[in-house]
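Sharing a structure below in structure tokens format, with a few things to ask.
The values are calculated or read from the model by the stated rules, or taken from the named source; none is laboratory data. Since the model is a prediction, treat every value here as computed from it, not as a measurement. Positions of Cβ are backbone-derived with ideal geometry, glycine not excepted, and every protein chain shown enters the neighbour counts.
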Amino acid sequence: MDNAKAAPSRSGNPIRSVVIVGGGTAGWMTATLMAKRLEGLDVQITLVESSAIRTIGVGEATTPAIRDYFREAGLDEAAVMKASKATIKLGIAFDGWAGEGRRFFHPFGLYGTPSNGVAFHQYWLKMRAGGDLRPIEDYCLATQLAYANRILPPPRPAPDYAFFDWAVHFDAGLYAQYLHKIATARGVQHVDARVRSVALDPQTGHIASIDTIEAGVIAGDLFVDCSGFRALLLGEALREPFVEWTHLLPCDRAVAIPCAHAADGAFEPYTRSTALAAGWQWRIPLQHRVGNGYVYCSGHISDDEAVATLTKRLEGEALAEPNLIRFRTGHRRHVWSGNCVAIGLAAGFLEPLESTSITLIHSGIERLLQLFPDRDFDPALAMDYNRITTLEYERVRDFLLLHYWGNRREDEPFWRACKTATLPDMLAHKIRMFTTRGRMVRYEWDSFQDPSWLSMFAGLGLLPEKWDPVADFFTSDQIAGAFDRIREKIVDGVAGAMSHRDHVAAHYSAT
Ligand SMILES: Cc1cc2nc3c(=O)[nH]c(=O)nc-3n(C[C@H](O)[C@H](O)[C@H](O)COP(=O)(O)OP(=O)(O)OC[C@H]3O[C@@H](n4cnc5c(N)ncnc54)[C@H](O)[C@@H]3O)c2cc1C
């Protein structure tokens with residue numbers, strides 16, 4: 001091989017213009033981060049959106065990765081929180097999923113401490129077998145803080161039981177407005193115009209330009225489709241097929257109604273997910289209102305009944321008319337095709353049970369920037385992008401599927417049907433390994449780590465038949481002593497924490 005020829009060179013054909021279509025959460029997050037990373041590289045970023053076409057109007061709960069986005073995008077966390085009337089999210093409380101009247105919690109934190117190379121939950125299983133039926137949640141500071149509606153700055157360094165992270169609940173409309181200001185200050189050109197057609201290059205099949213009603217033709221090198229469920233570029237113009245997963249995750253509609261805080265209502269630092277007859281309800285407390293929605297399966301309840309159910313369950317005065325949304329679960333087969341990459345709802349959708357869409361938006365933008373093409377659009381880049389995106393979607397799908405498949409509701413046809421889903425092989429293997437010996441199988445590109453899976457397994461009562469024999473290294477008395485100490489420290493930690501309401505008022509209050 002001729003080494004001189006193999007030496008890398010600068011691209012002679014760099015991207016000079018990026019056109020983002022759509023100004024929802026996906027469009028503005030893409031524009032803001034791109035403008036920062038590509039600063040000084042002579043790339044013009046243009047965001048085209050139509051103020052006459054509304055954004056989806058939901059998407060208020062996140063995962064802790066949102067704060068990585070704030071950092072990466074050079075945003076001041078407190079300033080974004082203030083601007084978007086945000087609150088803290090320590091995890092999700094699942095009400096009724098493990099049976100009526102029962103609750104468990106998925107924290108953004110760890111449980112107990114591992115010892116002698118053995119995971120904490122193995123000792124917990126051993127103690128259970130000996131009659132100590134305390135829930136694993138007693139060994140997780142994040143969960144106990146959440147239940148007490150309190151918050152601490154996450155201690156660092158911390159033993160596992162005290163280690164946690166936090167995410168954000170925010171007003172998605174205000175968040176997009178905030179990003180709009182930052183992105184345009186960074187040089188992103190904003191065009192308010194409705195796209196009416198897309199022109200393809202007859203030779204390459206790539207997108208050459210978009211034609212808009214108000215601003216005429218806009219050409220570009222790279223197009224980012226953030227146009228929402230319609231997927232104007234990737235779906236309508238490039239006809240990229242949709243891989244549908246409704247047979248695995250059957251909910252296909254939602255109704256959202258924001259309401260006022262009740263005078264005596266709890267100001268919870270977590271999302272509440274309550275199982276209802278044909279799906280589940282979210283409750284997301286923001287500073288100025290509470291977001292509510294019923295995600296349901298249209299085969300098991302009518303829209304009218306879903307609206308009536310949600311309306312009855314509101315804890316304060318409704319602040320808007322019901323917003324009815326239809327969706328399909330799944331993703332575009334190739335999320336990157338030619339010179340077009342879809343991000344956000346245009347790329348795919350997994351229902352909001354674990355608030356993963358905005359996380360997937362962030363990872364999509366990061367991946368695009370890591371594989372940023374030149375105008376030759378080497379197909380290898382798209383291939384790797386699509387490979388990873390598919391894996392990421394499948395892993396989230398499987399985590400959500402575990403929630404449904406593992407439900408403990410006996411009486412409703414919807415929930416009984418969920419238990420009969422045929423599990424994808426990788427999920428079936430993961431469940432089998434956990435329920436035999438408590439072994440956690442990890443897969444590449446899983447957004448959820450062992451403690452998240454553990455919270456679901458334990459919460460739904462999918463417990464192993466045996467514990468790891470190495471856990472017998474310690475006697476039950478030794479373990480009981482260590483467990484007592486962990487619980488005491490957690491109780492002390494919660495006692496010293498601030499109420500969520502006071503914390504938000506002190507640090508993020510918009511007034
Ligand atoms: C019921 C439900 C609940 C959800 N809850 C959560 C949650 O809690 N957490 C989470 O992370 N995610 C959630 N999501 C997902 C989240 O709402 C979206 O991922 C996020 O809002 C991004 O949407 P988007 O920007 O892709 O699309 P949209 O918000 O739909 O924006 C599309 C944009 O494209 C523009 N557009 C469309 N057509 C044209 C045209 N012809 N010309 C010009 N512009 C056009 C529109 O004007 C708009 O600006 C939820 C989704 C649903 C359906």
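Could we say that Arg37 is of a type in the set (Lys, Arg), surrounded by 16 or more Cβ atoms within 10 Å (Cβ to Cβ) and under 27 Å from Leu233 (Cβ atoms) here?
Numbers: of a type in the set (Lys, Arg): yes; surrounded by 16 or more Cβ atoms within 10 Å (Cβ to Cβ): yes; under 27 Å from Leu233 (Cβ atoms): yes.
When the stated conditions are applied, Arg37 passes them.
Further question on the same structure: Answer yes or no: is there a residue in segment 56-74 that is out of contact with any His (no Cβ under 9 Å at 6 or more places or on another chain), over 26 Å from Glu354 (Cβ atoms) and more than 7 Å from the ligand (Cβ to nearest atom).
Yes, some residue in segment 56-74 is out of contact with any His (no Cβ under 9 Å at 6 or more places or on another chain), over 26 Å from Glu354 (Cβ atoms) and more than 7 Å from the ligand (Cβ to nearest atom).
Continuing with the same structure: Considering (1) assigned to a strand (DSSP E or B); (2) touching a Phe, Trp or Tyr at 6+ places or on another chain (Cβ under 9 Å); (3) of a type outside the set (Asp, Glu); (4) in contact (Cβ under 8 Å) with a residue 60 or more places away in the chain, say which one Pro269 fails and leave the rest.
(1)
Do you know which residues across segment 63-93 are farther than 22 Å from Gln287 by Cα and assigned to a strand (DSSP E or B)?
Residues satisfying the conditions do not exist here.
Out of curiosity, is Leu248 more than 15 Å from the ligand (Cβ to nearest atom), of a type in the set (A, V, I, L, M) and surrounded by 15 or more Cβ atoms within 10 Å (Cβ to Cβ)? I'd like the intermediate steps shown before the answer.
Details: more than 15 Å from the ligand (Cβ to nearest atom): yes; of a type in the set (A, V, I, L, M): yes; surrounded by 15 or more Cβ atoms within 10 Å (Cβ to Cβ): yes.
Yes; evaluated as a whole, the condition is true for this residue.
Quick check: anything in segment 445-459 over 25 Å from the mean Cα position of the chain (by Cα), over 22 Å from Glu100 (Cβ atoms) and of a type in the set (A, V, I, L, M, F, W, C)?
Applying the first criterion (over 25 Å from the mean Cα position of the chain (by Cα)) to segment 445-459 yields none.
Looking through segment 445-459, none of the residues is over 25 Å from the mean Cα position of the chain (by Cα), over 22 Å from Glu100 (Cβ atoms) and of a type in the set (A, V, I, L, M, F, W, C).
Tally time: how many residues in segment 429-447 are part of a loop (DSSP other than H, G, I, E, B) and surrounded by fewer than 21 Cβ atoms within 10 Å (Cβ to Cβ)? Working first, answer last.
Within segment 429-447, the subset part of a loop (DSSP other than H, G, I, E, B) is 438-447.
Pick out the ones that are also surrounded by fewer than 21 Cβ atoms within 10 Å (Cβ to Cβ) and you get 439-447.
Count: 9.
Scan segment 448-472 residue by residue and report those that are in contact with a strand residue (DSSP E or B) (Cβ under 8 Å, 6 or more places away or on another chain) and either in the same structural domain as Arg387 (by TED's automatic domain parsing) or exposed (fewer than 14 other Cβ atoms within 10 Å of the Cβ) (or both). Talk me through it step by step, then tell me what you get.
Taking segment 448-472 first, the residues in contact with a strand residue (DSSP E or B) (Cβ under 8 Å, 6 or more places away or on another chain) are 451-452, 455-456, 458-460, 468, 470-471.
Hit for segment 448-472 is Val470, nothing else.
Mind listing whichever residues of segment 346-374 are assigned to a loop (DSSP other than H, G, I, E, B), over 8 Å from the mean Cα position of the chain (by Cα) and near the ligand (Cβ under 10 Å from one of its atoms)? Even if it seems obvious, please write down each step before you answer.
Step one: of segment 346-374, the residues assigned to a loop (DSSP other than H, G, I, E, B) are 347, 350-351, 355-356, 371-374.
Right, trim to over 8 Å from the mean Cα position of the chain (by Cα) and you get 347, 350-351, 371-374.
Selection gives Ala347, Leu350, Glu351.
So, one more: Within segment 251-291, can you find the residues that are among the small types (Gly, Ala, Ser), under 29 Å from Thr422 (Cβ atoms) and surrounded by 21 or more Cβ atoms within 10 Å (Cβ to Cβ)? Full working, then the answer.
To start, the set of residues in segment 251-291 that are among the small types (Gly, Ala, Ser) comprises 254, 256, 260, 262-263, 265-266, 273, 275, 277-279, 291.
If we keep only those that are under 29 Å from Thr422 (Cβ atoms) as well, we get 254, 273, 275, 277-279.
Hits for segment 251-291 are Ala254, Ser273, Ala275, Ala278, Gly279.
Among the residues that make up segment 149-156, is at least one of them buried (at least 17 other Cβ atoms within 10 Å of the Cβ) and closer than 30 Å to Gln478 by Cβ?
yes
Going through Ala52, Ala78, Ala83 one at a time, which residue ends up being surrounded by 16 or more Cβ atoms within 10 Å (Cβ to Cβ) and touching a residue at least 12 places away in the same chain (Cβ under 8 Å)? Break it down stepwise before answering.
On the way: Ala52 fails: surrounded by 16 or more Cβ atoms within 10 Å (Cβ to Cβ); Ala78 fails: surrounded by 16 or more Cβ atoms within 10 Å (Cβ to Cβ).
Criteria check complete, one pass: Ala83.
Among residues belonging to segment 23-40 that are more than 30 Å from Tyr270 (Cα to Cα) and in a loop (DSSP other than H, G, I, E, B), point out the one that is nearest to the ligand (Cβ to nearest atom). Talk me through it step by step, then tell me what you get.
As a first pass, look at segment 23-40 and keep what is more than 30 Å from Tyr270 (Cα to Cα): 34-40.
Retained after the next criterion (residues that are in a loop (DSSP other than H, G, I, E, B)): 38-40.
Working: Leu38: 20, Glu39: 23, Gly40: 27 Å.
So, considering only residues that are more than 30 Å from Tyr270 (Cα to Cα) and in a loop (DSSP other than H, G, I, E, B), the one nearest to the ligand (Cβ to nearest atom) is Leu38.
Same structure again: Check segment 41-52 and report whether any residue there is in contact with a His (Cβ under 7 Å, 6 or more places away or on another chain), more than 14 Å from the ligand (Cβ to nearest atom) and at pLDDT 95 or above.
Quick first cut of segment 41-52, residues in contact with a His (Cβ under 7 Å, 6 or more places away or on another chain) only: 47.
Remaining after also requiring more than 14 Å from the ligand (Cβ to nearest atom): none.
Looking for residues that are in contact with a His (Cβ under 7 Å, 6 or more places away or on another chain), more than 14 Å from the ligand (Cβ to nearest atom) and at pLDDT 95 or above, one finds none in segment 41-52, hence no.
Yes/no per residue for (1) in contact with a helix residue (DSSP H, G or I) (Cβ under 6 Å, 6 or more places away or on another chain); (2) not assigned by TED's automatic domain parsing to the domain that holds Pro258:
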{"position": "Arg283", "(1), (2)": "no, no"}
{"position": "Tyr294", "(1), (2)": "yes, no"}
{"position": "Leu310", "(1), (2)": "no, no"}
{"position": "Ala347", "(1), (2)": "no, yes"}
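Which pairs do you get when a residue that is more than 18 Å from Leu174 (Cα to Cα), found in segment 495-511, comes within reach of a residue that is β-branched (Val, Ile, Thr) and modelled with pLDDT of 95 or more, reach meaning Cβ atoms under 8 angstrom, with the pair 6+ apart or on two chains?
Ala497/Ile151; Met498/Ile151; Ser499/Ile151; His500/Thr87; His500/Ile88; His500/Ile151; His503/Ile88; His503/Ile151
Sticking with this structure for a sec: When both residues are 6+ apart or on different chains and their Cβ atoms are under 8 Å apart, which pairs have a first residue that lies in segment 170-195 and is β-branched (Val, Ile, Thr), and a second that is assigned to a loop (DSSP other than H, G, I, E, B) and more than 11 Å from the ligand (Cβ to nearest atom)?
Within 8 Å, the pairs are Ile182/Ala73; Ile182/Leu75.
Determine, yes or no, whether Tyr175 is more than 20 Å from Glu77 (Cα to Cα) and among the aromatic types (Phe, Trp, Tyr).
Working: more than 20 Å from Glu77 (Cα to Cα): no; among the aromatic types (Phe, Trp, Tyr): yes.
Judged against the criteria, Tyr175 is not a match.
Okay, moving on. Report, by residue number, each residue of segment 107-142 that is assigned to a strand (DSSP E or B) and either within 26 Å of the chain's Cα centre (by Cα) or surrounded by fewer than 19 Cβ atoms within 10 Å (Cβ to Cβ) (or both). If you could, list the steps in order and put the result at the bottom.
Here is the first cut: in segment 107-142, the ones assigned to a strand (DSSP E or B) are 107, 109, 115, 118.
Across segment 107-142, the qualifying residues are Pro107, Gly109, Ser115.
Which members of segment 189-205 meet the condition of being within 26 Å of Lys36 (Cβ to Cβ) and away from the ligand (no atom under 14 Å from the Cβ)?
Gln189
Same structure again: Among (1) surrounded by fewer than 24 Cβ atoms within 10 Å (Cβ to Cβ); (2) within 30 Å of Tyr111 (Cβ to Cβ), which single condition is Gly91 missing?
Failing condition for Gly91: (1).
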